[in-house]
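Trainee: Mind having a look at this structure? Questions to follow.
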Amino acid sequence: MTKHHPDTPSGERPTGPSRRRLLGTAGAAGAAGLVLGAAGGALGTAAATEPPTDLATVGRSRVPFHGAHQPGIVEPAQAHGHLIAFDLAADAGRKEAAALLRRWSRTAEALMAGETPSSRLHDTGIALDAGPSSLTVTFGFGRSFFGRTGLVAHRPAALEPLPPFSSDALDPRRSDGDLWIQIGADDALVAFHALRALQREADGTARVRWQMNGFNRSPGATAGPRTPRNLMGQIDGTNNPKETDEDFERRVFVPAGGDPAWMAGGSYAVLRRIRMLLDDWERTPLAEQEKVLGRRKSDGAPLSGGSETTPVDLEKRNADGDLAIAADAHVRVSAPETNGGAAMLRRSFSYHDGFRDDGAPDAGLLFIAWQADPLKGFVPVQRKLDRGDALSRFIRHEASALFAVPGGAGEGEYVGQRLLEG
Ligand SMILES: C=CC1=C(C)c2cc3[nH]c(cc4nc(cc5[nH]c(cc1n2)c(C)c5CCC(=O)O)C(CCC(=O)O)=C4C)c(C)c3C=C
Ligand SMILES: [Fe+2]
């Protein structure tokens, strides 16, 4: 399907120059000046003299933009993440939202390919000598988007507001939003470059509602891939659904023929900003920390025995007759076996935003859960955790959002087109 491009007279998709080609080509200063605009002076000089940067594996790694699903869901969480939510401007409706998603998609496609986005705006140059660095950009729609764009009839039933939980201490200013972008990259400059490029594309159409920054372990820090640790020091992500599981697609993605039709191949993202009471946690003896979770801290092995990947045995008893995994241990209370099979794909980022007035670290988990239906994933599990999770003593849910993340864009399509032009 060939689509008319809004920003070129011919209507063809402009392909931006590779960032590396821009740096390395003799005489690139002129071209760079065009692309870089105001910043072109200083960077243009560098462009004429600097050799192209050789990229290592991390920089070269590239995730495709097009596909059945949007990027940033099944790929391992990157070292750097930015989450940003927008509200549409008062005078922006469906037409303006469609134009924005078209611009955003075009920009995301170029950035993920390691290209300088060709846009009506000047590039900042922040990522000039970097490769794609596994950049992913993922777009979602919040419940309020549908009212503002006259699309309430197309709003998924799954976007019903999440129920309140007794342990919620939610800040509405850092919750919800009409539109959401999740950015992840294994290079901090590439991630920030994408954040700025996408934010600037929204100027005049949508304004930032909230923004959060997260991180994970850098690729290459360990000899082989390992499950990441969170800021409590726990290995976190072991018992996630695996792409090889027979029911993975059904659990995580809306099927073709699902309701609404425009969500086929899409998923629902539940975001919770969960602050960790790290001073309390770090004062807690190791054995108690392990009992709270139900797994060993050193290697993530379940307290019922084995290694990290050994299935958790919830029936196992110690010699003294006690349950090896306590009745309120986090892994027992959250396990699909104790929640009627409810499961979600957890793909989170840690965060640290300095220290609060009381001296405690403002740090924790940007918990992101992906599922085909929040009522069969996050909601029943969080209800159960809310009633009796030993981890609750050490965490505070401070912000919350739920977004419908449509399927991936086909060639020549933009994300959300099936909704906005359907
Ligand atoms: C409602 C869903 C969940 C919230 C909120 C949540 C918060 C949370 N979790 C950890 C740390 C770990 N969680 C682990 C397992 C785990 N957690 C959930 C759900 C929520 N967690 C599920 C469904 C599971 C898998 C259970 C299973 O099938 O065994 C683990 C163990 C390792 C793993 O399997 O990932 C850790 C560690 C924190 C720190 C946290 C809030 C800050
Ligand atoms: Fe958990």
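Trainee: Looking at F394, F253, A99, which one has the Cα that reaches farthest to the positive end of the dipole of the chain (charges on Cβ: Lys, Arg +1; Asp, Glu -1)?
Mentor: A99
Trainee: Something else now. Order these peptides, 373-379, 305-311, 156-162, by their mean beta-carbon neighbour count within 10 angstrom, highest first.
Mentor: Top of the packing list down: 373-379, 156-162, 305-311.
Trainee: Suppose R0 equals 35 Å; then what is the FRET efficiency for T284 and A157 from their Cβ-Cβ distance, rounded to the nearest 0.05?
Mentor: On the way: r = 41 Å, r/R0 = 1.18.
So the FRET efficiency works out to roughly 0.25.
Trainee: Something else: For the stretch 242-274, which trypsin sites (Lys or Arg not before Pro) pass both filters: DSSP loop (anything but H, G, I, E, B) and at most 13 other C-beta atoms within 10 Å? Numbers along the way, then the final one.
Mentor: On the way: sites: K242, R250, R251, R272, R273; in loops: K242.
Passing both the DSSP loop test and the Cβ count: K242.
Trainee: For the chain, calculate the relative contact order in percent as a whole number, restricting contacts to Cα pairs under 8 Å that are 6 or more residues apart.
Mentor: Numbers: 905 pairs, mean separation 94.2, N = 422.
Relative contact order here is 22 percent.
Trainee: To continue, here is another question. State the percent of C-alpha pairs, over all pairs in the chain, separated by a distance greater than 39 angstrom. It would help to have the intermediate numbers written out before the result.
Mentor: On the way: 19846 of 88831 pairs.
Above the 39 Å cut-off, the chain has 22 percent of its Cα pairs.
Trainee: Checking the a/c ratio against 1.5 first, then a/b against b/c, what shape does the Cα gyration tensor give for the stretch 361-422? Numbers along the way, then the final one.
Mentor: Details: a/c = 3.90, a/b = 2.22, b/c = 1.76.
Since a/c reaches 1.5 and a/b is larger than b/c, the shape of the stretch 361-422 is classed as prolate.
Trainee: Same structure, new question: On a full-extension model of 0.36 nm per residue, what is the gain between D362 and E308, subtracting their alpha-carbon distance, rounded to one decimal in nm?
Mentor: Details: separation 54, 0.36 × 54 = 19.44 nm, distance 2.93 nm.
Contour length minus Cα-Cα distance gives 16.5 nm.
Trainee: Just name one of G177, M232, A191: the one whose Cα is farthest towards the positive end of the charge dipole of the chain (beta-carbon charges, Lys/Arg +1, Asp/Glu -1).
Mentor: G177
Trainee: Additional query: Would you kindly derive the ³J(HN,Hα) couplings of the stretch 86-95 from the backbone phi angles with the Karplus curve 6.51 cos²θ - 1.76 cosθ + 1.60 (θ = phi - 60°), listing them in order in whole Hz, with x for Gly and Pro?
Mentor: 10, 10, 5, 5, 4, 9, 9, x, 4, 5
Trainee: For the chain, what does -39500 (n - 2.57) per DSSP helix run (n ≥ 4), summed and divided by total residues, give at 222 nm, in deg cm²/dmol to the nearest 500? Walk me through the numbers before you get to the answer.
Mentor: Working: 13 runs with 107 residues, N = 422.
Computed ellipticity for the chain at 222 nm equals -7000 deg cm²/dmol.
Trainee: Once both labels are modelled 7 Å past Cα along the beta-carbon direction, what's the R250-F165 spacing in nm?
Mentor: Going by the 7 Å Cα→Cβ label model, 2.6 nm.
Trainee: Could you please rank T244, T116, T149, placing first whichever residue has the fewest other Cβ atoms within 10 Å of its Cβ?
Mentor: Working: T244 6, T116 24, T149 21.
Least crowded to most crowded, the residues run T244, T149, T116.
Trainee: Quick one: 3J(HN,Hα) in Hz for the stretch 381-393, Karplus 6.51/-1.76/1.60 with θ = phi - 60°, rounded, Gly and Pro as x.
Mentor: Karplus values, whole Hz, x for Gly and Pro: 5, 5, 4, 5, 4, 4, 8, x, 9, 4, 6, 4, 4.
Trainee: Can you give the extra length, in nm with one decimal, that the chain gains between A89 and V208 once fully stretched, where that is 0.36 nm per residue apart less the Cα-Cα distance? Write down the numbers at each step before the final one.
Mentor: Values: separation 119, 0.36 × 119 = 42.84 nm, distance 1.00 nm.
Value of the extension gain: 41.8 nm.
Trainee: For H352 and A68, what does the FRET efficiency come to when R0 = 22 Å and r is the distance between their Cβ atoms, rounded to the nearest 0.05? Please list the in-between numbers first.
Mentor: Details: r = 35 Å, r/R0 = 1.58.
Rounded to the nearest 0.05, the efficiency is 0.05.
Trainee: Oh, and also: Once the Cβ-Cβ distance between R196 and A327 is put in as r, and R0 is 56 Å, what FRET efficiency do you end up with, to the nearest 0.05? Could you put the intermediate results ahead of the total?
Mentor: Working: r = 48 Å, r/R0 = 0.86.
Calculated transfer efficiency: 0.70.
Trainee: Zone of D320 (label point 7 Å along Cα→Cβ, backbone N under 18 Å): which residues in the stretch 278-309?
Mentor: Those under the cut-off are 285-296, 303-305.
Trainee: Which listed residue (I73, S118, Q382) has the Cα farthest towards the positive end of the charge dipole for the chain, taking +1 on Lys and Arg C-beta and -1 on Asp and Glu C-beta about the Cα centre?
Mentor: Working it through, the farthest residue towards the positive pole turns out to be S118.
Bear in mind that the values in this text are calculations on the coordinates, not laboratory data. Being a predicted model, the structure only gives us computed values, none of them experimental. FYI the Cβ positions are ideal-geometry reconstructions off the backbone, even for glycines, and counts take in every protein chain you see.
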